[in-house]
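S.K.: Sharing a structure here in structure tokens format.
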Amino acid sequence: MTEVMTHGVKLTETAVSKVKNLLQAEGREDLRLRVAVQPGGCSGLIYQLFFDETLEESDAVVDFGGVEVVVDPMSVPYLDGASIDFEDTIQKQGFTIDNPNASGSCACGDSFS
């Protein structure tokens with residue numbers, strides 16, 4: 001029996017609701033929200049959020065009321081304690097990541113160091 005790893009990423013209730021709506025619009029029940037960190041951006045690392053049908057044996061998974069959030073092993077330390085929210089205001093619409101591990105970020109908010 002394989003033990004599933006977990007991660008320290010949190011999803012707010014607003015973000016859970018938005019992800020559920022997006023998944024319902026996709027019409028597929030085999031998708032998960034994948035959160036990853038990759039080299040790039042103006043600050044050195046960039047966040048990746050996307051729906052993924054693939055689940056690797058080494059992925060860390062946490063379920064938030066029917067929304068599975070998946071993080072690959074390389075990204076887990078960079079995202080530990082991060083909180084994902086969804087903003088829908090006149091100024092901004094989209095997912096935001098509050099990451100206590102980021103020592104700096106760029107103005108766009110997509111890149112951090």
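S.K.: Quick check: pseudo-label points 7 Å beyond the Cα along Cα→Cβ at Thr14 and Met74, how many nm apart are they?
M.R.: Spacing of the two 7 Å Cα→Cβ label points: 3.2 nm.
S.K.: Now for a separate question. Where Lys and Arg each count +1 and Asp and Glu each count -1, what net charge lies around Asp30 among other residues with Cβ under 12 Å from its Cβ?
M.R.: Neighbour charge sum, excluding Asp30 itself: -3.
S.K.: Have a look at the DSSP beta bridges in segment 8-96 and tell me what percent are antiparallel, nearest 5.
M.R.: For segment 8-96, the DSSP antiparallel bridge percentage is about 75.
S.K.: Ranked from the most accessible area to the least, with a 1.4 Å probe and all protein chains present, what is the order of Ser83, Ser75, Ser17? Don't skip to the end; give the middle numbers.
M.R.: Values: Ser83 35, Ser75 0, Ser17 60 Å².
Largest accessible area first, the residues go Ser17, Ser83, Ser75.
The values are calculated or read from the model by the stated rules, or taken from the named source; none is laboratory data. In this text, all values refer to a predicted model and were calculated from it rather than measured experimentally. Glycine gets a Cβ as well: all are built from the backbone with ideal geometry, and neighbour counts include every protein chain shown. Just the protein is used for accessible areas: all its heavy atoms, side chains included, with ligands, DNA and RNA removed. Shrake-Rupley method; radii C 1.70, N 1.55, O 1.52, S 1.80 Å.
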